[in-house]
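Working notes, beginning with the structure itself.
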Amino acid sequence: LDLDYSPTGEEIVTGAYDRTLRLFHSRKGHSRDIYHTKRMQRIFCVKFSMDSKYVLSAVKNAQDTKRIMLQSQRRKEENLRKHSKKDFVPYKAERKK
């Protein structure tokens, strides 16, 4: 689903829905390395670090975790607002936080 060139331009990394990260030389057709483990999730985004030493990947599971954390935080704020004196906990819009 995503690919990225290294800052040196010598390698390409791809991340796919089949839960694999593949490293290619930019001038060759076959992958140099394939990374796949049982615990990996479907990959939606891959990036090389600026020094080309690391490959970062974003997976679907991380998006779900972030959504759950935000919902929990909103619920805590709402409960605090319900059980406090009026206007003690001011309401802030999500965009302004």
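Bear in mind these aren't lab numbers, they're just calculated from the coordinates by the rules spelled out. Note that this is a predicted model, so its numbers are computed, not measured. Neighbour counts run over all protein chains shown; Cβ positions are idealised from the backbone, glycine included.
Quick notes on this one:
- From its DSSP helices (H runs of at least four residues, each -39,500 (n - 2.57)), the chain gives a residue-normalised ellipticity at 222 nm of -8500 deg cm²/dmol.
- For a straight C-alpha distance cut-off of 19 angstrom, the lysines reachable from K60 (same-chain residues fewer than eight places away being disregarded) are K38, K47.
- In the range 21-88, trypsin sites (Lys or Arg not before Pro) in a DSSP loop with at most 11 other beta-carbon atoms within 10 Å: R27, K28, K38, R39, K53, K85, K86
- Loop-located chymotrypsin sites (Phe, Trp or Tyr not before Pro) in the range 46-91, at most 12 other Cβ atoms within 10 Å (DSSP): Y54, F88, Y91
- Residues of type lysines that K85 reaches as a straight line, Cα spacing below 19 Å, ignoring anything fewer than 8 places off in the same chain: K76
- Residues in the range 3-32 that a label on K60 would reach, taking backbone N under 17 Å of a point 7 Å out along Cα→Cβ: 15-21
- Of I12, I68, I43, the residue with the greatest mean-square motion in the GNM of the chain, using alpha carbon springs below 10 Å, is I68.
- Principal-axis tilt of helix 60-82 within the chain, Cα atoms, nearest 10 degrees: 10 degrees
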